[in-house]
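Scroll down for the structure; my scribbles are underneath it.
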Amino acid sequence: MTPYENVTFKERLHEEAAKLKEMSFRDKFWYIWEYYKFPIIGVVIAIFLVGSIGGAMYNNRFDTALSCAVLNSRYDSEALTVDQYFNEGFRAFIGLDENTKIDVDYSMSPSFDESAMNEYSYAELAKLTAMISSKGLDVMIGRPDVIDHYGEMDGFLNLEEALPADLYEQVKDYLYPVTNAETGQEAFCGIRIGDTSFGEKTGLILEDPVLTIMSNSPHTDTAIQLIRYIFEQ
């Protein structure tokens, strides 16, 4: 028989409260985390998923021309001009209707180091995976290690095959190779954009950024236009 078998739920709550009352703030934190971390992680992931679904339902009222994720970026809030770059500059560049939206998410910083991951890291990966699998992401911009990770799973278009001839000639010296983990084949699926004005004009700071187009993107033509835009600024 366990100590709690003859204890009511209310009595157990009182016992837990008494334990916590005697602990320091640091001890309280670690006690709660040790005994309740899985419910906490579950709640955090549920909140992210509910928020993502709710946001998707709201945004589905509008046509989407492009969805872009800029991963592991930093920014100076005073210099942040992402909206101007995409929703003003790029929109005008391709003559996009005002009722059609461009989504740019620069909030995620995924990590694949299990020793450094926490509930927030798992929630971000769940969100990013959901975006990719639902064809809700067209362009991914990230560090080489992040691009390598998704490139191993054959997640990107081969840009040598997808780009128009004139654009290919313009960017061929910046192409970035990834290797498919299953086949071992290498393909040029990324473009290094660190030498362009992308960082300066968006205010996003990213180490050696590589741009890719998702292999299941429903807006490939617009994504290619974004590459042209970035290299012509």
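Sparse packing (at most 12 other Cβ atoms within 10 Å of the Cβ) combined with a DSSP loop state is found for the following GluC sites (Glu not before Pro) in region 103-185: Glu182. Give, to the nearest whole percent, the P(r) tail of region 67-178 beyond 21 angstrom, counting all Cα pairs. That tail contains 50 percent of the Cα-Cα pairs. A full extension of the chain between Asp166 and Gln84 corresponds to an added length of 26.8 nm, given 0.36 nm per residue minus the alpha carbon distance.
When only alpha carbons are used to place a centre, region 124-152 and region 191-229 end up 13 Å from one another. Note on surface exposure: Phe90, Phe112 rank Phe112, Phe90 by accessible area, highest first, 1.4 Å probe.
Each principal axis of the Cα atoms in region 128-190 has its own extent, and those three values, largest first, are 34, 26, 20 angstrom. According to the Cα-based calculation, Rg over Rh for region 75-120 is 1.18, with Rh computed by the Kirkwood formula. In plain terms, the chain from Ser134 to Asp76 could stretch by 17.7 nm, reckoned as 0.36 nm per residue minus the Cα-Cα distance. Once the Cα-Cα distance is subtracted from the 0.36 nm per residue extended length, the Asn99 to Glu232 segment shows a gain of 45.4 nm. The largest-to-smallest principal axis extents of the Cα set in region 112-233 are 44, 36, 24 Å.
In this structure, the pairs whose alpha-carbon distance is over 26 Å, taken from Lys101/Lys172; Lys135/Lys201; Lys101/Lys201, are Lys101/Lys172; Lys135/Lys201.
The values are calculated or read from the model by the stated rules, or taken from the named source; none is laboratory data. Since the structure is predicted, the reported quantities are computational estimates derived from the model, not experimental observations. Using ideal geometry, Cβ is built from the backbone for each residue, glycine included, and neighbour counts are taken over all protein chains shown. Ligands, DNA and RNA are stripped out before the accessible areas are found, and what is left, the full protein with its side chains, is counted by its heavy atoms. Shrake-Rupley method; radii C 1.70, N 1.55, O 1.52, S 1.80 Å.
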